[in-house]
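*Asks:* Take a look at this one; I'll ask things after.
The values are calculated or read from the model by the stated rules, or taken from the named source; none is laboratory data. The structure presented is a predicted model; accordingly, all values stated were derived computationally and were not measured. Don't worry about glycine lacking a Cβ; one is built from the backbone with ideal geometry, like all the others, and counts go over all protein chains shown.
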Amino acid sequence: MKKIRNRQGITLIALVVTLIILLILVAVSMTMLLGENGLITKAQQSSETFQIEQGREQINLAVLGMQTEKLSKGESCTLEYIAENIEDRLEGCQVVGTQGAPIKKVFTKYTGYQYTIDELGEVIYIGEVDFNEIPLISIVSDKIVSGVESVTLDITTEVEIGQVEKIITPTGEVQGNSTTYAVTENGDYTFKAITDKGVETQKTVNISNIQEEGVDLTGLVTGSESIEHNCIWERKYDENNH
């Protein structure tokens, strides 16, 4: 009788241990599959990334088609023209707004995602941020002639919703919603604007004509006109939304 009871006791202990091990394995498997960095989550993120890039490429092809058409006629393809015609060129694409006067950015929605088209025709995904919350950066030079020792860039910002809290210069200095910056060497100069809602945008100016005698800025203008260069739109990452 004692031997039978011992065997029963050992069997129950083994069963409990086995169940605990199985529960641990199930928990680990669920985490690997459904966790923040799980296989299913990563697969969903990869699928979304593919859809976003596919949408960006479709808009880019539509813009390129309009630019090619205008170029063949000896005309320039303005953002006004793009804003008026892209909905007809790309089925399902919707213009949700523009920024600047004259237009400096066109905001579109396609397959559920938002994109911006800049003056260079570059298409950039901007996430779910309201385009009215995206600050606009303008950069104006104080000189248009070559042979100067330095050039001062006047950087100003504006935003429809909220307010610009700070500008970060290429050297990392934090300024208010407007500032000036002296240029004496060739290179890329990136200025970032951040609003009180945490929305960021940055504009990169490429200066490549500075010689020993000064800066060659032929073609750039002063006054209300801004230097035309590539602009990259970003939204500040918020862990609570991911």
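*Asks:* Under 9 Å between Cβ atoms, which residue pairs at least 6 apart in sequence (or on different chains) link something in segment 90-102 that is modelled with pLDDT of 90 or more with a partner that is exposed (fewer than 11 other Cβ atoms within 10 Å of the Cβ)?
*Replies:* Final answer for the pair search is none.
*Asks:* Another question about this same structure. How many of the residues in segment 157-198 are in contact (Cβ under 8 Å) with a residue 24 or more places away in the chain and at positive phi?
*Replies:* Looking only at that region, the number is 2.
*Asks:* Exactly one of these conditions fails for residue 117: (1) crowded, with 18+ Cβ neighbours inside 10 Å; (2) at pLDDT below 90. Give me its number.
*Replies:* Among (1) crowded, with 18+ Cβ neighbours inside 10 Å; (2) at pLDDT below 90, the lone unmet condition for residue 117 is (2).
*Asks:* In segment 68-86, how many residues are exposed (fewer than 15 other Cβ atoms within 10 Å of the Cβ) and assigned to a helix (DSSP H, G or I)?
*Replies:* 6
*Asks:* Just give me the residues in segment 173-217 being in a loop (DSSP other than H, G, I, E, B), touching a Ser or Thr at 6+ places or on another chain (Cβ under 6 Å) and at pLDDT below 90, in sequence order.
*Replies:* 184, 186, 216, 217
*Asks:* Restricting attention to segment 108-154, which residues are out of contact with any helix residue (DSSP H, G or I) (no Cβ under 9 Å at 6 or more places or on another chain), touching a residue at least 24 places away in the same chain (Cβ under 8 Å) and part of a strand (DSSP E or B)?
*Replies:* Within segment 108-154, 136, 137, 138, 139, 140, 141, 148, 151, 152, 153, 154 qualify.
*Asks:* Taking the conditions exactly as written (buried (at least 16 other Cβ atoms within 10 Å of the Cβ), of a type outside the set (A, V, I, L, M) and assigned by TED's automatic domain parsing to the domain that holds residue 191), does residue 141 satisfy them or not?
*Replies:* It is true that residue 141 is buried (at least 16 other Cβ atoms within 10 Å of the Cβ), of a type outside the set (A, V, I, L, M) and assigned by TED's automatic domain parsing to the domain that holds residue 191.
*Asks:* Still on this model: Checking the structure you have, find out if any residue of segment 98-111 is more than 26 Å from residue 177 (Cβ to Cβ), crowded, with 17+ Cβ neighbours inside 10 Å and β-branched (Val, Ile, Thr).
*Replies:* yes
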